[in-house]
Every structure is written in C-alpha cells, then in structure tokens.
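A.B. asks: Dumping the structure here so I can ask a few things about it.
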Amino acid sequence: METLWRLIQDPNMQWIFLSCTLLGLSSGVIGCFSYLRKQSLMGDTLAHAALPGICIAFMLTGTKSLLFFLLGAGAAGLVATFGIGWITRNSRIKHDAAMGIVLSSFFGFGIVLLTIIQHGEYGNQSGLDKFLFGQAAAMVGSDVLTMSIVSLSLIAVCTLFFKQFKLVSFDPGFARGLGYPVALIEQLLMFLMVVAVVVGIQAVGVVLVAALIITPAVSARYWTDKLGFMVVISGVFGALSGGIGTIISSLGSNLPTGPLTVLAATALFLISILFGPRRGLLAKRMLRLKVARSIDEEQGHKERQLEGGATL
Amino acid sequence: MKNHLKTAAPLTIEGLSVAYQKKPVLRGVSFSIEEGELIGVIGPNGAGKSTLMKAALGLIPRLSGEVLIYGKPYRQQRRLIGYVPQRESVDWDFPTNALDVVMMGRYGHLGLFGRPGAKERRLAMECLAKVGMADFATRQISQLSGGQQQRVFLARALVQDAKLYFMDEPFAGVDAATEKAIITLLQELKRQGKTVIVVHHDLATVEEYFDSVLLLNVELQAYGKTEQVFTQQMLQQTYGGRLAFLERGGNARLAVTKG
C-alpha cells in the first residue's frame, strides 16, 4: 500500500498513468464503431502496417517525433487499406485473406527496415525497437501532451458526429439515401482508427495495440443494448485497462506496461462474458433454468388436472 | 415551384443502364410513373429489380441514363424520398431499439450536429403506432421477429415524411399479420396522395395490391396499368419459360417454377 502511495505521488508515474488511461479511453471509443462495422481486424492491419511507416518517417527525419510517426503510420495505413481494396476488387481473394496478406507483408517490411536502422548509421535510434511491444515508461512529457490532445480530439470528433457514425455503422445504404457522404464518413472513421493505433503504439506496441481497439468494445457490448452507453462503457473499460496496466507494471520491476494493459482488458472481457446481464453466459444459463422450471411447473399442473379429472 | 411539382412525374428514368463488373444488370430502361399510385416492380431473380431501385436512389453508380425525381436530379430532391431497404441489408444485432431505428428516418432533417430530441421521438412514436409497433418501441431490435423488423423499417420510412417511397421487397418473409399491416399502410399512403414503388415477388397478390405494374428482366418488358400489363402473355415474356399457370376454381393462379 505504501509503495502504491509513493507511486501515485511520483510525477513521472502520473504522466504515464494519465496517457495510458487516455489512450485506453480513445481506443475504446473508436473501437466500438469498428467492431460494429465488422472491421475489428482492420485495427490490427493498420497497426502492423504502421511499422514500416514509422521506420521510414524515422529514416527521413532522423527524429523520434510523434507527429512524424503519425504521418508515416497514417500514410502506410492508407497504402495498406488501398492495397486491401485493390486485391479484393481485382481478384477472387476475399477481404480477410487480403488483410492477412497485406498485414504480414507490411509487418515483414517493417522488421527489415527496423533491422537496417539498428545496424545502420542512424544516430539516436535506440528505443525504436520498443515499438514492437511498446514502452510506456519511455514516454516523456511532450509525448504525453501530444497523446492527450490527440485522444481528447478523437473523443470530441466521435461526440460531434455520433449521429452520423451510428447511422453509417448500422445502415450505410439508408445513410446514403439520406444524402450522407458515406464514403467520407467511413474514411473519417478509418482515419480516427489510424490515429488511435498510432498513439497507442508507443505505449502498447504494434503487435498488441489492436487488442485495445477490439477488446473493450466487445466487452462493452455485453453490458448494454444502446450504442451511446456502449461507447461510454467501452471507453471506461479501455481507460481502466490502461490505468490498471500502468499501476501493476509499476508495482514490480521488469513488468511491461503494454502487455499488462492488454491483459487487464482481457480480464475485463472475461468478467463481461461471464456476468454481463442478459448476454453473459451466467445470465443465459439462469434464464434457461428459469424457463425450464416454468415449463415443468405448467406441465405438472396440467398432469395434476388430468389426474384429478380421471379420478372423478 | 408548387406548379412545377404538380406537372413533373414523381419519377422519370431515361435510358438507364447499370453493370456490376462487366455484366449488365439493367439495359436501356426508360419509364415515367404517375403520382399517387402503388406501383409493383415484378420480374425473376436477377432481373435487376433492386438494382433499379438503388440506381434511382443514387446508391450505386450507373453506366448511363438519367433519373429525375419530380423533374429534378435526385440530389436536389432527397427530402421527397423515403426508402425501405431489404431487411437483410443490416445487422439486427446492432445495439439499438425500435424507436431509435425509426428516429434515424429524421436524421436527414437534422443539421450537421443536430441531435434527435422530443420532436423526433414524438414523430417516431406516431409512425411506430401506424405500423402497429407502439408496444415494441423500447425493444432491442434483435428481439423482434422478421415481420416486426420489417415494420420498424417501414416506420422509419414513414417518419421521413416523403412524397415518393421506394420499398425493396417489404413483403419478403413476413407473416400474414405483417403483410396485412403493410398493405393497409400502402393504401393509406396512396390516400394521402403519395407514390409508392414496391419490389414484389408474390405474383398471386399483384392484381390486388398494385395500380400499375413494371415488368423487368434486365430490360424493361412493360409498364402500365395492372389490368393491361399483368397478362399471361406479358408474364411469359418476362419470366421466359419459368412460369406455370395453375387453374384453380376458375381463377388463374400463377406460380414460378424453378428453371
């Protein structure tokens, strides 16, 4: 308990805690829309595709600035999504297989670039390999500030365009009929996902960042049948995961924040799938028992009536 | 402006062609419909009935041709149009309830950042009541039956308060009660002077339901008043050899056989 108190008072720790929480919050919010649009794996593809983008951004600028990484990752994500679209349009390959091809080839290319950077004449390259699994503890004040601004703007955009995002996620055809620029809205959602992925990479890493987009959203779905609530719950779950991950990792030495954050999200998911009202496994089991009992009772009642009739 | 609305037909299509990849789905379709009618779009599977509707609504790109809604391009007339897509076109496990889906019909009337409020709620409740679904307003949509889901979609189109309605197979896979609710509603819309175009599959009910019929099989086969166009000869032409006529109790009944 005392160590926990000391940690809470540590300003460095506060920064990391704040940024991980905000990161979880924003990925949770944007994740809801990608989950409902059946694009969960797109987050994973974008994350893996971001690696070569980040490496190229570093090779060109020679600095580890979040802004350039964002640009690089965004460009790479754009190329990846176009690649997936091109493959599905021009071949018999289905969307999931196309994502698999693009994801792995981009990641492979990213690893090659990463190795070149590490063995090349780039100064200040230390820490770039941390992008694979993330290193929250390495974040500095300016990173935290950028992450906070990005996360908050992401949430603001989702709030402002909630109506549009909702309709496009539920029924894009009808949205188009109303005159909504559906393609533009879908691109905006995709862009927000790229942003969430890129700010998440530094804390959680390329390999695991998709978990923060998928898991809180899936967990939140177990607790509500309203999109508004789902987005809020998902955001809270994401924030909780980030917070819990940071605290646990700071309690021991050599405990990585990113993976712990993902594990915290998974724990929340397990709780949700078990105890979610109505949709949870326990609630379903209870309901089945209740229905079975009421049918039994009805049946017994009828039989008693029949027996009564027979004796008369 | 008012005058213009009166003179121009609700929907005029000139030389419309649409293709998916290389395969033409619609070829050179031209027709113009009259205001205040119930119009059935009839044709075999793959005849391009839904495509005709989507192309008219600007949901899919067209190769050539022109679509005019009350004499103007679709873009300028969006608010005059209500649309009921096929029920299977959405995931009904979406986290929302019936009332909420109906309120989506008002989104076109709200501004960029406008949010549905008390007025939208009231309008949506009225339309849910019209389709006999008022008691299901707060029901999660995945817990509705197919017929009830169809009625929710219908209510969402009603709340759009349009003049011209497009309905893509509203009668597909619904129970008798829903079918009756839908047809009562269509007649109510007609009484209000609205025009409704319906993609329809059940040939047995065509004469009962529709004022005019559009027979389609990639190309337009015929368009006109039901009693003139909905004939054995025209249907044979539209469906090819896949149509069987069953005589029963003096009434000629129609059935499509697999072919």
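A.B. asks: What is the dipole size for the protein assembly as shown, taken about its Cα centre, with +1 at each Lys and Arg Cβ and -1 at each Asp and Glu Cβ, in debye to the nearest 20?
C.D. replies: 640 debye
A.B. asks: I would also like to ask the following. Take peptides A:277-284, A:194-201, A:128-135 and line them up by average Cβ neighbours within 10 Å, highest first, as a rough protection proxy.
C.D. replies: So the order, starting with the most tightly packed, is A:194-201, A:128-135, A:277-284.
A.B. asks: I've got another one for you. Each label point is 7 Å from the Cα along the Cα-to-Cβ direction; what then is the distance between the points at A:LYS302 and B:PHE113, in nm?
C.D. replies: In this crude spin-label approximation the distance works out to 6.1 nm.
A.B. asks: Give me the accessible area buried between chains B and A, both sides summed, with a 1.4 Å probe, in Å² rounded to the nearest 100.
C.D. replies: 2600 Å²
A.B. asks: Determine which residues of the stretch B:50-90 fall in the zone a paramagnetic label at A:HIS95 would reach in this model, i.e. backbone nitrogen under 19 Å from the point 7 Å along Cα→Cβ.
C.D. replies: B:59-61, B:86-90
A.B. asks: Averaged across the residues of B:139-149, what count of C-beta atoms belonging to other chains lies within 10 Å of each residue's C-beta?
C.D. replies: Neighbouring Cβ atoms belonging to other protein chains average 1 per residue here.
A.B. asks: If you don't mind, there's one more thing I want to ask. Size of the dipole of chain B about the Cα centre, Lys and Arg at +1 and Asp and Glu at -1 on the beta carbon, nothing else charged, in debye to 20?
C.D. replies: 740 debye
A.B. asks: Just name one of A:ILE8, A:LEU192, A:CYS32: the one whose Cα is farthest towards the positive end of the charge dipole of chain A (beta-carbon charges, Lys/Arg +1, Asp/Glu -1).
C.D. replies: Result: A:CYS32, furthest along the dipole toward the positive end.
A.B. asks: I would also like to ask the following. What does the charge add up to near A:ILE213, with Lys and Arg as +1, Asp and Glu as -1, over the other residues with Cβ less than 15 Å from its Cβ?
C.D. replies: +2
A.B. asks: Only protein chains counted, 1.4 angstrom probe. Which residues of the stretch A:138-176 are at least 30 Å² less accessible in the assembly than when their chain is isolated?
C.D. replies: Those residues are A:LEU160, A:PHE161, A:LYS163, A:LYS166, A:LEU167, A:PHE170, A:ASP171, A:PHE174, A:ARG176.
A.B. asks: Full extension from B:ARG191 to B:ARG121: what is 0.36 nm times the residue separation minus their Cα-Cα distance, to one decimal in nm?
C.D. replies: Here the segment from B:ARG191 to B:ARG121 would lengthen by 22.7 nm.
A.B. asks: Which is farthest toward the positive dipole end of chain B among B:VAL206, B:PRO10, B:PRO170, measuring Cα position about the Cα centre, with Cβ charges +1 (Lys, Arg) and -1 (Asp, Glu)?
C.D. replies: Comparing the listed Cα positions along the dipole, B:PRO10 ranks first.
A.B. asks: Which value does Rg/Rh take for the protein assembly as shown over its C-alpha atoms, Rh per Kirkwood?
C.D. replies: Checking Rg against Rh, the ratio lands at 1.07.
A.B. asks: Mind pulling the angle between the C-alpha long axis of helix A:95-119 and the longest principal axis of chain A? Nearest 10 degrees, somewhere in 0 to 90.
C.D. replies: Its long axis makes an angle of about 30 degrees.
A.B. asks: Just tell me how shielded A:53-61 is by partners: mean number of partner chain Cβ atoms within 10 Å of each residue's Cβ, no decimals.
C.D. replies: Counting Cβ atoms of other protein chains within 10 Å of each residue's Cβ and averaging gives 0.
A.B. asks: For chain A, count the residues as N, evaluate 2.2 N^0.38 Å, and divide the Cα radius of gyration by that value, please.
C.D. replies: Dividing the Cα radius of gyration by 2.2 N^0.38 Å gives 1.22.
A.B. asks: Could I get the Rg over Rh figure for the stretch B:2-256? Both from C-alpha atoms, Rh via Kirkwood, rounded to two places.
C.D. replies: Over the Cα atoms of the stretch B:2-256, Rg/Rh equals 0.97.
A.B. asks: Right, here's the next one. Just going by the charge dipole of chain B, with Lys and Arg at +1 and Asp and Glu at -1 on Cβ, which of B:GLY58, B:GLN150, B:THR138 is farthest out on the positive end?
C.D. replies: B:GLY58
A.B. asks: Let's see if you can work this out: charge +1 on each Lys and Arg Cβ, -1 on each Asp and Glu Cβ, no other charges. What is the dipole magnitude of the stretch A:2-215 about its Cα centre, in debye to the nearest 20?
C.D. replies: About 660 debye.
A.B. asks: If contacts are Cα pairs under 8 angstrom and at least 6 residues apart, what is the relative contact order of chain A in percent?
C.D. replies: 29 percent
The values are calculated or read from the model by the stated rules, or taken from the named source; none is laboratory data. Since this is a predicted model, take the numbers as computed values, not measurements. Cβ sites come from the backbone with ideal geometry, for glycine too, and all protein chains shown count toward neighbours. These area figures cover heavy atoms from the full protein model, side chains too; ligands, DNA and RNA do not enter into them. Shrake-Rupley method; radii C 1.70, N 1.55, O 1.52, S 1.80 Å.
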